[in-house]
Amino acid sequence: QGQLVESGGGLVQPGGSLRLSCTASGDTFKISIMSWHRQAPGKERELVAYITSGLSTYYDTSVKGRFTISRDDAESTMYLQMNSLKPEDTAVYYCNKATYGHAYWGQGTQVTVSS
C-alpha cells in the first residue's frame with residue numbers, strides 16, 4: 001500500500017518546464033489525498049501542492065500560477081506540471097500519499113533549475 005515511485009526530475013534552464021510523476025502501489029490511491037513536497041539544501045521540507053480524491057487542489061503561493069497538480073486514478077499516478085521554473089525551485093521533490101491517517105513517502109526526485 002505504501003510504495004510510491006517518482007520520476008521526471010532533471011536539470012532545466014530558468015523558464016523551462018518539467019513534469020513529475022508519482023505512481024502508487026496498492027488499491028487505495030483513489031481515496032487518498034496526494035501531495036508534492038520539496039526540500040532544498042539547508043531548508044526544511046515544504047508543501048508544494050495537494051489534490052484530494054474530489055479533485056480539490058491547493059498550491060503554495062510560491063508556485064501558484066506556474067505549477068499544476070493532477071491525478072489519474074485509473075493509473076494510480078499523480079503529476080506535477082512545472083512551468084516557468086526558477087532557480088529557487090531547485091530541490092528534491094517528494095510525493096506523499098495520505099490514506100486513513102497514514103502517510104507514505106516516495107524516495108524523491110531531484111529538480112535543478114540552472115543556466
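The values are calculated or read from the model by the stated rules, or taken from the named source; none is laboratory data. Just so you know, these numbers come straight off a predicted model, no measurement behind them. As a convention, Cβ positions derive from the backbone with ideal geometry for all residues, glycine included, and neighbour counts pool all protein chains shown. Side chains are part of the model used for accessible areas, which takes the heavy atoms of the whole protein and leaves out ligands, DNA and RNA. Shrake-Rupley method; radii C 1.70, N 1.55, O 1.52, S 1.80 Å.
So the values come out like this:
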{"item": "Per-region count, the stretch 76-111, residues assigned to a strand (DSSP E or B), open to solvent by 40 Å² or more (accessible area, probe 1.4 Å) and closer than 24 Å to Gly42 by Cα", "result": "4"}
{"item": "Enumerated strands (runs of 3 or more DSSP E) restricted to the stretch 1-67, each holding at least 1 residues that are open to solvent by less than 30 Å² (accessible area, probe 1.4 Å)", "result": "4-7, 10-12, 18-24, 33-39, 46-51"}
{"item": "Cross-chain or 6+ apart pairs with Cβ under 8 Å, the stretch 51-79 first and closer than 19 Å to Gly108 by Cα and modelled with pLDDT of 95 or more, then of a type in the set (Lys, Arg) and open to solvent by 60 Å² or more (accessible area, probe 1.4 Å)", "result": "Ser76/Lys30; Tyr79/Arg19"}
